[in-house]
Amino acid sequence: MAHYMILLEENPGNMPPDLSPEDIQSIVAKYQAWRDGLASQGRLQDSNKLKDEGGRLMVKQGGTTQVTDGPYSESKEVIAGYFVIEAANYDEAVALCQNCPHLDYGRIMVRAVDMVTCP
């Protein structure tokens with residue numbers, strides 16, 4: 001089985017602005033149920049929500065590394081979280097994402113993980 005990284009792309013404007021605490025808890029429960037389903041199948045390798053702070057964007061230009069607040073310096077989209085799953089191929093990885101609740105709020109990018117160990 002290959003490993004695939006499921007990147008949850010979010011545009012902050014896609015979430016309804018008037019979510020109640022109960023609405024938020026319901027959304028969180030949907031993510032947990034989806035994650036637990038992957039885990040019970042033995043497919044989940046790792047997952048986490050990323051902090052909303054945006055991080056740092058690094059670019060090397062002309063021998064100098066520039067660091068800016070990211071990703072908002074370049075884009076309004078942000079990676080909200082990720083999952084690493086096992087699947088036989090892209091088609092199976094995509095099929096496993098069909099019920100991910102994130103599709104209601106943003107995009108999902110499925111990327112194969114190169115399991116070569118970096119030095």
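A few points about this structure:
- Qualifying residue in region 64-72 (condition: loosely packed, with under 11 Cβ neighbours inside 10 Å and at pLDDT 85 or above): yes
- Looking across region 1-17 at every residue that is among the aliphatic types (A, V, I, L, M) and within 13 Å of G106 (Cβ to Cβ), the one that is modelled with the highest pLDDT is identified as I6.
- Looking only at region 12-30, residues that are touching a residue at least 60 places away in the same chain (Cβ under 8 Å), within 18 Å of D52 (Cβ to Cβ) and in a helix (DSSP H, G or I) come to 4 in all.
- In region 16-63, residue surrounded by the fewest Cβ atoms within 10 Å (Cβ to Cβ) [restricted to those that are among the basic types (K, R) and closer than 24 Å to L103 by Cβ]: K51
The values are calculated or read from the model by the stated rules, or taken from the named source; none is laboratory data. Since the structure is predicted, the reported quantities are computational estimates derived from the model, not experimental observations. Note: ideal-geometry Cβ built from the backbone for every residue, glycine included; neighbour counts use all protein chains shown.
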